[in-house]
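Read-outs: derived from the displayed coordinates by stated rules, not from any lab. Because the structure is predicted, anything quoted here is derived from the model rather than measured. Here the Cβ positions follow ideal geometry from the backbone for every residue, glycine too, while neighbour counts run over all protein chains shown.
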Amino acid sequence: MPSAERRELPYKLVAGATPCRDGWLIVSARLKGATFAPDFPRVNGELLDILQRRPAFSIVNLNAPIGATETAIRSERVCDREARESMGHSVATLRWGDRRPTWGAESDESGNAHPFLRDRYSEVVDSMAPYLQRSICEGLPELSFFQLNAEIPLEFAPRSEEGYQERRALVSKVPGVPRILDFVLDGVDRFELLDVAGLLWSSRRICSRAGKRVPAVPEWDEDGMRMEIFR
């Protein structure tokens, strides 16, 4: 018996995703024309859960480095440097693109590194392939907030109380986002919810082809991965 035809969805699915203690915090939204309907956030245990989702996402804006050269062990990727420079300050903590197991890890406001980031970044190395970059792109929450702030540098550090309130006020203007920020999930803190809300907003821009690549002409790594961050 012939298989049923795959029906095309009447809307596009976009998402933002960021590492968290128990896997990947993700929030998706249905996008059709001017209608943007965010869902509640959830945690997926593995990146493959996101990559293999059916129906598939049109765009996932992923807060993790995609692609790196060996020289990135000692210096920044061009996309990291240009992303930071485009914001006009160095408040954001950008990730080094080290492809080896010794991934760099971001630190929280007390200076303690999040140990789970190494595992999450290693998942990206193991799971990503060049063809997946049609729908999985590297994002950065600070670039999302920078765009929301009319490309004016934000005043306060990302992981400070003042920084949280500053960024929350910006992203809360997006319909459906306040309920994301107030959602309660075990193992997920409010800064991670804030980050994923910013990434989701950018996924809409990217899907609508309003997003921009940083740099405009990307580098390529040894595995054929484009090293670029979307804003």
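One table, with the values for the structure above:
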read-out: Highest average packing first - 12-20, 119-127, Cβ atoms within 10 Å; value: 12-20, 119-127
read-out: Nonlocal amide H pairs with residue 212, under 5 Å, H built at 1.01 Å; value: 231
read-out: Highest average packing first - 221-230, 151-160, 133-142, Cβ atoms within 10 Å; value: 133-142, 221-230, 151-160
read-out: Theoretical gain in end-to-end length, residue 151 to residue 184 [0.36 nm per residue, Cα-Cα removed]; value: 8.8 nm
read-out: Placed amide H near residue 174: partners under 5 Å, 5+ positions off or other chain; value: none
